[in-house]
Amino acid sequence: MNNRILKALPAKEYRILSSQSKEVMLPKGAVLHEAGERIGQVYFPNDAMISYLSGTAEGESVEVCVVGNEGVVGIAALLSDSTAFRAVVQVPGSAVRISRDVLRREFKRGESLHRVLLHYTNALLIQVAQTAVCNKFHSVEERFCRWLLLAHDRTSGDKLPLTQETIARILGSRRASVSVVAGALQKKGVIEYSRGTITIRDRKRLESLACECYGTISAAHSKIDSHS
């Protein structure tokens, strides 16, 4: 179990949750929640990564935040019966699944769970806001590097099973622009791209090429651990 929220809980609170949860595998492309639909289950990813997507009436969409082992998919269940975003698995892996009703009950009863989830919600809001700033003001290369770093932090290993087309949709950019950036990064030895898989080769160089948004988002989520 690699989810940081669950690992931060005292043994007693964790046992209560784990007795009412189930570990499941999340395949790539699976839709966990649709925008506007009722949230029945929430997911604490271990090594899977999920995108929250916001769309238009014309069917276009862009990512507003990502969730991995630092968080929970379906946190809106604490505030409402439905979510405003579509949650799609981008990197397959495992997660701990808990019903919305159980999470609500234990959120009210469990002191540590209550505190950690409030801090996580704040960090998620910071990520959504910073992503909007990033999409507006930063280059495709900076955004691409920022996204790869966030994905690398939230998954296991250096290989990410992602196509350039998928990343272009996530970033709201043209595929041709992402292809040019990916090619340049590969020539610099920062990444390797082959058959729908991106391999991180030089993490430090990737950090130097990303915009400051990566640091802002990471700092917000790191505070969760300090408050646990």
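The values are calculated or read from the model by the stated rules, or taken from the named source; none is laboratory data. As the structure is a prediction and not an experimental result, all values here were calculated from the model. Positions of Cβ are generated from backbone atoms using ideal geometry, with glycine treated the same way; all protein chains shown enter the neighbour counts.
Could you tell me whether Val89 is surrounded by 18 or more Cβ atoms within 10 Å (Cβ to Cβ) and in a strand (DSSP E or B)? Taking the combined requirement at face value, the residue satisfies it.
Could you tell me whether Glu63 is part of a loop (DSSP other than H, G, I, E, B), under 12 Å from the mean Cα position of the chain (by Cα) and charged (D, E, K, R)? Judged against the criteria, Glu63 is not a match. Restricted to segment 115-228, the set of helices (runs of 4 or more DSSP H) holding at least 1 residues that are touching a residue at least 60 places away in the same chain (Cβ under 8 Å) comprises 140-154, 164-171, 203-209, 213-227. Scanning segment 1-54 for residues being in a helix (DSSP H, G or I) and either of a type in the set (Gly, Ala, Ser) or in contact with a Pro (Cβ under 9 Å, 6 or more places away or on another chain) (or both) gives a total of 2. Of everything in segment 66-82 that is of a type in the set (Gly, Ala, Ser) and in a loop (DSSP other than H, G, I, E, B), the residue that is surrounded by the fewest Cβ atoms within 10 Å (Cβ to Cβ) is Ser80. Checking the structure you have, find out if any residue of segment 92-107 is part of a helix (DSSP H, G or I) and either under 19 Å from Arg175 (Cα atoms) or in contact with a His (Cβ under 7 Å, 6 or more places away or on another chain) (or both). Yes, there is a match, as at least one residue in segment 92-107 is part of a helix (DSSP H, G or I) and either under 19 Å from Arg175 (Cα atoms) or in contact with a His (Cβ under 7 Å, 6 or more places away or on another chain) (or both).
Every test in (1) assigned by TED's automatic domain parsing to the domain that holds Ser177; (2) at pLDDT 95 or above is passed by Gly157 save one, and that test is (2).
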